[in-house]
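What follows is one structure encoded as structure tokens, with my remarks underneath.
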Amino acid sequence: MNPTYLTPAAVRTGPVPVPVPVPAAVRFRAACPDCRGRFELAAGALRLAIGATSRTTFYTFTCPECAAPVRKPAGERIIELLTGGGVRTLRLHATP
């Protein structure tokens, strides 16, 4: 997987990427480590952060049963599934 870095719109060169439409019915199965609840979440309920290392790459959501914030590591397959399913993504990178 090649790293992609976000740039401000004013600095961007070349064609503007076109968003891929994702069906609104996309749901992801998740579990809460606090209350052990199992549920399905819409893409809008999840956030994905992609960092430079596996320790800084994770996804987050709030448990709908106990309202606990949940943060779990995201490997390459999880990243692929979440981004393909329309989950908002934040790319983290170090500043010099």
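The values are calculated or read from the model by the stated rules, or taken from the named source; none is laboratory data. In this text, all values refer to a predicted model and were calculated from it rather than measured experimentally. When we count neighbours, we look across all protein chains shown, and the Cβ atoms used for this are built from the backbone with ideal geometry, even at glycine. Protein only, heavy atoms only, side chains kept; ligands, DNA and RNA dropped before computing areas. Shrake-Rupley method; radii C 1.70, N 1.55, O 1.52, S 1.80 Å.
Observations on the structure shown:
- Of the residues making up the range 21-45, those that are surrounded by 13 or more Cβ atoms within 10 Å (Cβ to Cβ), free of Cβ contacts under 8 Å to residues at least 60 places away in the same chain and under 15 Å from T89 (Cβ atoms) are F28, A43, A45.
- Cβ separations smaller than 8 Å between residues 6+ apart or across chains give the following pairs from the range 46-68 residues that are open to solvent by 40 Å² or more (accessible area, probe 1.4 Å) to residues that are part of a loop (DSSP other than H, G, I, E, B) and of a type in the set (D, E): C66/D34.
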